[in-house]
Amino acid sequence: MQFHRDQKDTWTWKTFAIETGDNAGMYVTSSCGHAWKDFDEWEARMGKADTADGATNLTPYVQSGRNGFYVYRSDMSLAPANQPTAPMTAVTVFVLHPGAGPDFIAAIKKVNDALGKQAEWPKTSGWLQLVNGGEGPTFVLLSARKNWAEFAPLPKTVADVLNEIYGKRNGRSDTEDHSRLHCSPVHGSNSVSRGSQLCARKIILILCTRSTHRRAPNFLELGR
């Protein structure tokens, strides 16, 4: 932190600890709300000094890391992009089959239309889309939680809500595939149930907010 204060870095960096899943024990650092041109300005002002400082104070202690750029999809989200940082976040990463993006987006919007009609349903979820830095199409569902108690199941499942709103035909839900896509359990190693034809795999983890921190090698730079 002191390095960034000394350099008068105007960006805010937030660090999260991964608490569950295959990457438990790792950290994610993000800086949000930037346009693409902002990265040129930051590199010109901070890049060289930050790289040198990182080589001394971070690289000797880091096994590996990667960078990625994500955009916040307000059109797919129930929560606004500028909501306060929550103490904990449930994270679900959806890696789709090639060409499945449009159908996936349409399904999520239909699910959200139904959830938005539920007064008691938490409006704390937001979607990110990976635009550079990994396998795609990839979408990330972030669901804010105040504490561990908020991870308890709600009285209604997503499937229950969809059936109430859209109903069934011939004993089969009109939105059965949408429901499975949104909430199907994980089978095997980071894979989704066969009911979803859009996802290649689904990864679930929990983030805990640790601090407003400095840049680290293992981070996500999030723009919108």
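None of the figures in this text is laboratory data; all of them are computed from the coordinates on show. Here the structure is a predicted model, which is why all the values come from computation and not from measurement. Cβ coordinates were reconstructed from backbone atoms using ideal geometry, including for glycine residues, and neighbour counts include every protein chain displayed.
Placing pseudo-labels 7 Å out from each Cα toward the beta carbon at GLU135 and ALA106 gives an inter-label distance of 2.5 nm. Per-residue extension of 0.36 nm, minus the Cα-Cα distance of GLU43 and GLN83, leaves a gain of 11.7 nm for this segment. Residue separation of HIS97 and HIS34 scaled by 0.36 nm, minus their Cα-Cα distance, works out to 19.8 nm of gained length. Under the simplified labelling scheme, the ASP22-LEU58 pair shows an inter-label distance of 2.4 nm, with each label point 7 Å from Cα along Cα→Cβ.
For MET26, nonlocal amide neighbours, meaning residues 5 or more places apart or on other chains whose placed amide H falls under 5 Å from its own, are ILE18. The length gained on full extension between ARG5 and THR51, counted as 0.36 nm times the residue separation minus their Cα-Cα distance, comes to 15.0 nm. Among CYS32, CYS208, a tally of other beta-carbon atoms within 10 Å of each Cβ gives an order, fewest to most, of CYS208, CYS32. The HN-Hα couplings worked out from phi for segment 5-15 by the Karplus form 6.51 cos²θ - 1.76 cosθ + 1.60 (θ = phi - 60°) are 5, 4, 7, 6, 5, 8, 7, 9, 10, 10, 10 Hz, whole numbers, x standing for Gly and Pro.
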